[in-house]
Amino acid sequence: MSEAVNQNNVAITLPDGTVRHFVTGVTAGEVAADIGPGLAKAALAARIDDKLVDLSTRIEFNAAVSIVTVKDDEALELLRHDAAHVLAEAAKELWPDIQVTIGPVIENGFYYDFGRADPFTPNDLVNMEQRMREIVSRDEEITREVWNREYAIEFFTSIGEQYKAEIVRDLPESEVITIYKQGEFVDLCRGPHLPSTGKLGSNFKLMKIAGAYWRGESRNEMLQRVYGTAWATEKELKQYLHRLDEAERRDHRRLGREMDLFHIQEEATGSVFWHVKGWTLYRVIESYMRRRLEGASYVEVRTPQLFDRVLWEKSGHWEKFCEHMFTSESEERVLALKPMNCPGHVQIFRQGLKSYRDLPLRMAEFGCCHRNEPSGALHGLMRVRAFVQDDAHIFCTEDQVNQETAEFCELLMSIYRDFGFTDVIVKFCDRPEMRAGDDVVWDRAERSLKDALDQTGLDYVANPGEGAFYGPKLDFVLRDAIGRDWQCGTWQVDFVLPERLDASYVGADGVKRRPVMLHRAILGSFERFIGILIEHYAGRFPVWLAPIQAVVATITNESDSYALRVNEALQEAGLRSEIDLRNETINYKVREHTYAKIPMILVVGAREAEQGTVSLRWLGGKKQEVLALDQAVANLSDAAAVPA
């Protein structure tokens with residue numbers, strides 16, 4: 001199809017740098033075919049000068065063109081986008097009176113919202129997925145058309161698609177109304193799309209049904225949302241479904257009940273009732289963190305829960321965050337429960353005259369915060385309304401930012417390793433759209449943090465627009481045992497809050513200056529981090545973290561007195577142990593304590609009592625070893641040692 005160069009030709013530059021010439025108006029699909037039949041068959045879409053387009057798009061100017069196949073990063077979103085359209089077509093074929101609304105791509109999949117009088121059933125989900133596979137097998141051509149706005153409104157209204165008509169009606173006047181057709185199905189969409197339904201393949205699955213308000217507004221009518229997932233290969237689909245099964249098995253809410261760690265109830269929505277074992281775990285983590293912070297020269301403080309609204313207005317939090325604050329009135333004053341600790345720490349810093357010799361001042365607090373999260377967003381320990389942050393703020397000079405950043409990153413990575421997390425992603429987050437401070441201040445803060453990060457040598461990725469409202473930040477994302485990412489730690493450079501709250505120190509030249517305020521957290525919230533730990537380890541904590549580290553279980557009541565002596569020896573060695581003297585079979589006891597995820601079970605009977613030994617069973621192990629009591633205590637103490 002290549003042509004000689006003339007005024008009716010366009011020059012197409014391919015990814016390898018070669019240039020081919022085509023007749024003006026050539027489609028991206030025809031370019032793929034000219035390159036080779038293999039590429040034409042594999043082609044899903046094209047990128048023209050960095051814009052993703054349909055293969056049917058005509059090229060009217062010289063451009064850089066690349067053909068997108070299933071191997072490219074863009075392919076997955078295309079597949080999921082088309083899966084949503086195929087789902088909508090399937091629903092329309094099964095229930096012609098159903099109304100289709102919107103069907104976007106989401107993380108790991110897609111959904112489509114439907115207006116239907118009768119609720120979907122699990123069997124309906126099966127039928128929709130089967131009809132989707134039929135549509136894929138038909139390999140219907142997908143075509144794009146541009147429609148007149150009024151015609152589009154009239155068309156959708158005429159076929160009973162009131163939601164689609166409303167969407168078109170509300171689009172900006174400048175918006176081009178694009179329609180995609182596949183078979184008899186017509187949908188409003190910006191695209192792009194695959195060339196045909198057959199290109200979607202069979203690597204998709206419908207997952208669940210949920211309710212959703214039209215346009216996310218609770219005053220609007222309730223729709224029915226069907227969620228699905230789609231992947232480029234069968235292997236990826238199976239891996240994803242396996243991860244879901246693993247996530248269900250590791251669900252911290254279920255394990256929290258089974259292990260008697262905590263519960264949450266309606267009378268204290270979004271707050272945690274810590275049971276004895278759960279609070280033991282909490283205190284072990286808090287003690288560990290306190291020791292690590294003391295070793296890094298932090299001082300620990302405590303600030304009030306309630307602050308006058310005036311302070312939040314001065315800090316800027318009221319304007320940006322007031323809808324998330326719990327407020328109260330007393331003596332004609334509006335008070336708010338603190339959602340974060342930073343303004344309180346500035347108040348401590350401001351007490352007394354500070355010199356440059358006092359800096360850096362590292363101020364830590366295990367501060368209880370409250371945020372008015374929507375009830376629908378609450379999720380066990382992962383999203384609560386009352387939580388404790390391992391919060392700290394470092395007041396320093398601008399020249400000290402690099403060193404403080406390096407030391408913080410080293411401390412954070414060391415702590416994560418101790419908790420069993422070695423895969424950590426660092427994200428550099430710059431200025432958000434809504435922010436305090438002028439661009440000159442932000443330029444300075446971003447440059448300072450970027451220089452400091454570069455000096456740490458850590459790999460990082462850019463996360464544009466996701467900084468805090470007062471300054472740029474680093475986010476630290478942990479990857480757990482089944483590949484899920486959790487953002488926990490943060491490091492934020494703030495030139496704004498010290499100015500707003502009038503924090504200052506006296507420099508070496510005797511002049512008052514503003515400190516830089518570095519906001520930082522490592523675990524984030526204790527509640528959420530414990531939830532992550534439960535799921536990461538599926539409840540099988542390392543011995544040093546386990547609420548109960550060992551159980552002494554008797555075979556018969558004749559060995560009760562010896563069991564008491566064994567348990568006493570364990571506790572004297574500092575181990576968290578319990579004793580099981582119940583009149584049950586040893587197999588029953590072992591099974592029950594294994595189910596409770598106790599790391600070590602020490603079985604004692606008449607023979608062990610006579611010989612001064614124990615039979616030791618490790619959680620997950622199939623064998624037991626017989627050890628002298630002193631040796632067993634020494635071994636268990638070594639296993640339970642808190643990381644140095």
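Worth a mention:
- The slack in the chain from Lys314 to Lys238, taken as 0.36 nm per residue of separation less the alpha-carbon distance, amounts to 22.1 nm.
- For the pair the stretch 189-266 and the stretch 370-422, the centres of their Cα atoms are 29 angstrom apart.
- Charges were assigned to the Cβ only: +1 to each Lys and Arg, -1 to each Asp and Glu. The resulting dipole of the chain about its Cα centre is roughly 1320 debye.
- Shape summary: the stretch 75-245 maps onto an equivalent ellipsoid whose semi-axes, from the alpha-carbon gyration tensor, are 25, 19, 15 Å in decreasing order.
- In this structure, the amide hydrogen of Ile579, modeled 1.01 Å from its nitrogen in the peptide plane, lies closer than 5 angstrom to those of Val552, counting only residues at least 5 positions away or on a different chain.
- Of the residues Leu359, His393, Leu449, the one whose Cα sits farthest towards the positive end of the charge dipole of the stretch 355-506 is His393 (charges of +1 on Lys and Arg Cβ, -1 on Asp and Glu Cβ, taken about the Cα centre).
- Each residue of the stretch 213-219 is assigned a 3J(HN,Hα), and the resulting list reads 6, 4, 6, x, 9, 5, 7 Hz, derived from the Karplus form 6.51 cos²θ - 1.76 cosθ + 1.60 (θ = phi - 60°), x at Gly and Pro.
- Orientation-averaged projected area, Cα convex hull of the stretch 262-535 (nm²): 15.6
- DSSP bridge orientation in the chain - percent antiparallel, rounded to nearest 5: 85
- Relative to the longest principal axis of the Cα atoms of the chain, helix 234-249 runs at roughly 30 degrees.
- Partner lysines for Lys314 [C-alpha distance under 27 Å; skip if fewer than 8 residues away on the same chain]: Lys338, Lys354, Lys473, Lys512
- In loop segments of the stretch 212-263 as defined by DSSP, the GluC sites (Glu not before Pro) with at most 10 further C-beta atoms inside 10 Å of their C-beta are Glu217, Glu221.
- Taking amide H positions as modeled 1.01 Å from N, with prolines and chain starts lacking one, no residue 5 or more places away or on another chain lies under 5 Å from Ser504.
- Percent RCO, i.e. relative contact order, over the chain, from Cα pairs under 8 Å lying at least 6 residues apart: 8
- Each residue of the stretch 291-308 was assigned a 3J(HN,Hα) from its phi angle through the Karplus expression (A = 6.51, B = -1.76, C = 1.60, θ = phi - 60°), giving 5, 5, 5, 4, x, 9, 6, 8, 9, 9, 10, 9, 10, x, 7, 9, 10, 5 Hz with x at Gly and Pro.
- The helix-based estimate of mean residue ellipticity at 222 nm for the chain, built from -39,500 (n - 2.57) per DSSP H run of four or more residues and divided by its residue count, is -11000 deg cm²/dmol to the nearest 500.
- Remark on Phe114: its backbone amide H falls under 5 Å from those of Gln224, Arg225, Val226, a criterion applied only to residues 5 or more positions apart or on other chains, H modelled at 1.01 Å from N.
- Each residue of the stretch 325-339 is assigned a 3J(HN,Hα), and the resulting list reads 9, 8, 10, 8, 10, 8, 6, 6, 10, 8, 10, 9, 5, 5, x Hz, derived from the Karplus form 6.51 cos²θ - 1.76 cosθ + 1.60 (θ = phi - 60°), x at Gly and Pro.
- By other beta-carbon atoms within 10 Å, ranking Phe419, Phe273 with the fewest at the front produces Phe273, Phe419.
- The candidate values were (i) 41; (ii) 31; (iii) 50; the one computed from these coordinates for percent of Cα pairs over 40 Å apart carries the label (iii).
- Separation between Cα centres of the stretch 58-100 and the stretch 533-576, rounded to whole Å: 57
- Given R0 = 51 Å, the distance between the Cβ atoms of Asp170 and Val506 translates into a calculated FRET efficiency of 0.30.
Read the figures in this text as sums done on the coordinates, not as results from a lab. Please read these numbers as outputs of a predicted model, since none were measured by experiment. Ideal geometry is used to build each Cβ from the backbone, glycine not excepted, and the neighbour counts take in all protein chains shown.
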